[in-house]
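Notes follow once the structure below has been shown.
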Amino acid sequence: MSKKPSNEFQSMASRRGFLKAATVATAASSFGVLTMSDAQAASASFSAEYDIVVVGSGCAGLTSALFSRWHGNSVVVLEKAAALGGTTFKSAFWYWVPNNVPMRAAGIEDPKPDFLKYVARLTRPQFYDPDHPRFGLTQWEYDMCEAIYDSASPAAELLAHKGALPYRHVPFATDYFAEFPEDKAKSGRVLTPKEGSPSMADGGQVAIRTLSSAARRDGIAFKTGHRVQRIILNPKGEAIGIEALKDDDSVVRIRARKAVIFGSGGFTHDPELRSNFLNVPVYGGCAAFDNEGDLIRISSSLGVQLRNMNHAWLCPVTLEKAIARDGSMSGMFSVAGDSMVFVDKRGKRVVNEKLNYNELCQKLFEWDGAKAEYPYLVLISIWDQRSQDHSASNDYGSAIVPPGADDRHVIKSDTLEGLSDQISLRLKKYAGLIGRMELASDFTSNLRESIVRFNGFAAVGKDEDFHRGERSSDVLFNGAVKEEPNRTNPTLWPISTSGPYYAALVGGGTLDTKGGPKTNTHGQILDIHDKPIPGLYGVGNCVASASGGAYWAGGSTLGPMIAFAYRAANKAHVEPKRS
Amino acid sequence: MSYVKTSLMLFCFLGGVSITRYALSAELSSDALKTLAVKQCSQCHTFGQGEGPGFGPNLFGIIGKKAGSAQGFKYSPGFLAVMSGKTWDPKLLDRWLTDTQALVPGTGMTYFQDDPATRKKLIQFFKLLQ
């Protein structure tokens, strides 16, 4: 294990000198570990002391804090941003909870072996074997997935029972691969905050409100504008606190008697980490801006095992909002509209537009080895007045937005020729970011042909090219469409032969990344020998997910998070109090 | 209008205000106020004139504006029940920023700023934002 030399601490011992050093140091160069001798730890000016120090105030952080507090521990939550909630605040906060209480009450069976087969098939499709004792998963992946099955429901029940997260059951929310025979409970695992709107899109705001209200009610302390940059270890290598850079550039140290639990985010907004770990050309994403992979950088000094760094929770985004770093941007969970298609730079359809977001996004990253290019790096969504009138929404990242909404990503023209010209101009504006992509010279005629072909499919309700609307998850995020009597496929309707027409540029993004230090099933961060680093925990997108590249279902980000928050808090509670 | 252009305009706009209309002390320069406001608010709010809402309403010209009146933003019934008829002035904004949930329990915005100096700076920024 790499340790900072102890004389570094001594050289910074005077407060004035320390603050001066902290001010001139860049944040990035300060990341790491600070090892204190017992004497130093005893005499150091920790500004505060708690049993459990939680880093991050999204779902992982707040639920870790609450579960810890309900054991009787004193708890502080440190948030790097000015306001609480992280990426969770922006989410719809569906949480996928296997074998949950309301599904059991409704008679929906969710046997554990089938659940594990379902997640195994999606997580490691190349190794999946229903006859293998772990269905092709590694022991670690299997154990982590089993922990999700075992603990997500008790965690959800406790959060609800304590009034921190009352829920409502969403029996119709289908899994993204419900057609798999392994998926015995094809829908019923999704819970959502009880007070959310009918569309459920505001679930994150509701959850952050109810979770943080409960936390404040129950005496959890909050400190915003605190960017944790170092973990403080004692000479035995046990975590005894953190050092944070405050937003006024001062540095504080906070002691953790029992444990530090990281519930911070991934590295969506650190371009260097992104380009060195992700193998896909994403344009940022809708994670909170503060998700810059701080735990990845901090833990480099700890000898951890980074896992699943090559995967992310993927989602298409409106390219222009992603490039502009629009703070309110949502991932395009819902590709809205029925009289709507995506086309490529040639003007041709290349994908089922209603494929769930994690899978749809991967089309954008397809590589053409002969041309050495990403041919679908930017796709173009095209729709007509009908979809504009009946499918516009402010929810779920829809590119089709209602009047009064931020619509600067929308291109409009009375004719397809005019639309093509304007699309070309937009692409030119971003040339240096999109591999100098240009529309093909025959784009407009190809687009016209694509629309004629699509309209033929729409007329009979069957997409012979890409089978749009044939899977239950295609329909789940279809969004509002104009009612049409006797229609068999609600995702399809002919695009008008007359304008106006609309378009938006679509790029690839992340909800957040899902790689980081490997933990065990109790959220303990492991060293290179698979031994827990005493007192150090991680939950959520800052640590390694056992899902590989899979997105099992809506809420399969947050459901596992509450399971591991619950398990981490239970384990941290029984840690000895350290000096 | 492009995002890049708008950001640039916002930058110029705020910069221009500081030079021409307001003589601010060094510790409260408009740049510093803007930096603070962006850090505190821009995850959810837009600042530019005519910009659409984000997760929260656009904040251009908020001082002197009726609460619940920003264009294109759907306010919660709880917010409107408590705040309708009120006008955003520095005193009301200070109460709001101290603890949104205390002023309007159940509102979509969860924000509490217990540092009076930070609240004061944010309100000063909003005064420039018109």
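The set of residues in region A:432-447 that are more than 13 Å from every other protein chain (Cβ to nearest Cβ) and open to solvent by 10 Å² or more (accessible area, probe 1.4 Å) comprises A:Gly435, A:Arg436, A:Met437, A:Glu438, A:Leu439, A:Ala440, A:Ser441, A:Asp442, A:Thr444, A:Ser445, A:Asn446. Here B:Gly50 meets the list (1) within 11 Å of chain A (Cβ to nearest Cβ); (2) in a loop (DSSP other than H, G, I, E, B); (3) open to solvent by less than 20 Å² (accessible area, probe 1.4 Å) almost entirely, failing just condition (3).
Filter region A:64-110 for residues that are polar (S, T, N, Q) and surrounded by fewer than 20 Cβ atoms within 10 Å (Cβ to Cβ); which is farthest from the chain's Cα centre (by Cα)?
In the first step, residues of region A:64-110 are kept if they are polar (S, T, N, Q); the result is A:64, A:68, A:73-74, A:87-88, A:91, A:99-100.
Applying the additional criterion that residues be surrounded by fewer than 20 Cβ atoms within 10 Å (Cβ to Cβ) yields A:74, A:99.
Working: A:Ser74: 29, A:Asn99: 23 Å.
Looking at residues that are polar (S, T, N, Q) and surrounded by fewer than 20 Cβ atoms within 10 Å (Cβ to Cβ), I get A:Ser74.
Residues in region A:111-148 that are open to solvent by less than 30 Å² (accessible area, probe 1.4 Å) and under 24 Å from A:Ile525 (Cβ atoms): A:Val119, A:Thr123, A:Leu137, A:Glu141, A:Met144, A:Cys145, A:Ala147, A:Ile148. Could you check, for region A:389-401, whether at least one of its residues is more than 28 Å from the chain's Cα centre (by Cα) and away from chain B (no Cβ under 14 Å)? Yes, region A:389-401 has at least one match. Annotation: of all residues in region A:473-503 being of a type in the set (A, V, I, L, M, F, W, C) and in contact with a His (Cβ under 7 Å, 6 or more places away or on another chain), the one that is most open to solvent (accessible area, probe 1.4 Å) is A:Ala480. Applying the selection to region B:34-44, what residues are within 8 Å of another protein chain (Cβ to nearest Cβ) and not hydrophobic (A, V, I, L, M, F, W, C)? Correct list: B:Lys39, B:Gln40, B:Ser42, B:Gln43. For region A:458-474, does any single residue satisfy the condition of being basic (Lys, Arg), over 17 Å from A:His390 (Cβ atoms) and either touching a helix residue (DSSP H, G or I) at 6+ places or on another chain (Cβ under 7 Å) or in contact (Cβ under 8 Å) with a residue 60 or more places away in the chain (or both)? Yes: region A:458-474 contains one or more residues that are basic (Lys, Arg), over 17 Å from A:His390 (Cβ atoms) and either touching a helix residue (DSSP H, G or I) at 6+ places or on another chain (Cβ under 7 Å) or in contact (Cβ under 8 Å) with a residue 60 or more places away in the chain (or both).
Consider region A:402-422 and keep the residues that are among the polar types (S, T, N, Q) and surrounded by fewer than 19 Cβ atoms within 10 Å (Cβ to Cβ). The one that is nearest to the chain's Cα centre (by Cα) is A:Gln422. The sole residue among A:Phe365, A:Phe342 that is buried (at least 18 other Cβ atoms within 10 Å of the Cβ), in contact with a strand residue (DSSP E or B) (Cβ under 7 Å, 6 or more places away or on another chain) and within 30 Å of A:Phe89 (Cα to Cα) is A:Phe342.
For every residue, the table says whether it meets (1) polar (S, T, N, Q); (2) without any contact (Cβ under 8 Å) to a residue 12 or more places away in the chain.
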{"site": "A:Gly331", "(1), (2)": "no, no"}
{"site": "A:Glu359", "(1), (2)": "no, no"}
{"site": "A:Gln362", "(1), (2)": "yes, no"}
{"site": "A:Ala372", "(1), (2)": "no, yes"}
{"site": "A:Val378", "(1), (2)": "no, no"}
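All of A:Lys117, A:Lys162 fail the test of being farther than 22 Å from A:Glu359 by Cα, among the basic types (Lys, Arg) and either touching a Pro at 6+ places or on another chain (Cβ under 6 Å) or modelled with pLDDT of 95 or more (or both), apart from A:Lys162.
Yes or no, residue by residue, for (1) open to solvent by 80 Å² or more (accessible area, probe 1.4 Å); (2) in a strand (DSSP E or B); (3) at pLDDT below 90; (4) facing chain A (nearest Cβ under 9 Å):
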{"site": "B:Ser7", "(1), (2), (3), (4)": "no, no, yes, yes"}
{"site": "B:Gly15", "(1), (2), (3), (4)": "no, no, yes, no"}
{"site": "B:Glu27", "(1), (2), (3), (4)": "yes, no, yes, no"}
{"site": "B:Gly68", "(1), (2), (3), (4)": "no, no, no, no"}
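Only one entry in A:Gly188, A:Gly203 is open to solvent by less than 30 Å² (accessible area, probe 1.4 Å), in contact with a strand residue (DSSP E or B) (Cβ under 9 Å, 6 or more places away or on another chain) and within 14 Å of another protein chain (Cβ to nearest Cβ), namely A:Gly203.
When A:Ala156 is tested against the conditions (1) touching a Leu at 6+ places or on another chain (Cβ under 8 Å); (2) surrounded by fewer than 20 Cβ atoms within 10 Å (Cβ to Cβ); (3) part of a helix (DSSP H, G or I), the lone failure is (2). Going by what's in this entry, would A:Lys428 be described as surrounded by fewer than 18 Cβ atoms within 10 Å (Cβ to Cβ), assigned to a loop (DSSP other than H, G, I, E, B) and of a type in the set (Lys, Arg)? The answer is no for A:Lys428. Given the criterion touching a residue at least 24 places away in the same chain (Cβ under 8 Å), among the charged types (D, E, K, R), away from chain A (no Cβ under 11 Å) and more than 24 Å from A:Ser213 (Cα to Cα), identify the matching residue among B:Asp94, B:Asp89. Checking each option against the conditions leaves just B:Asp89.
The values are calculated or read from the model by the stated rules, or taken from the named source; none is laboratory data. From a predicted model like this one, the values you see are computed outputs, not experimental measurements. Counting neighbours? That spans all protein chains shown, and the Cβs are built from the backbone with ideal geometry, glycine included. Each accessible area value is taken on the protein alone, full model and side chains, heavy atoms only, with ligands, DNA and RNA left out. Shrake-Rupley method; radii C 1.70, N 1.55, O 1.52, S 1.80 Å.
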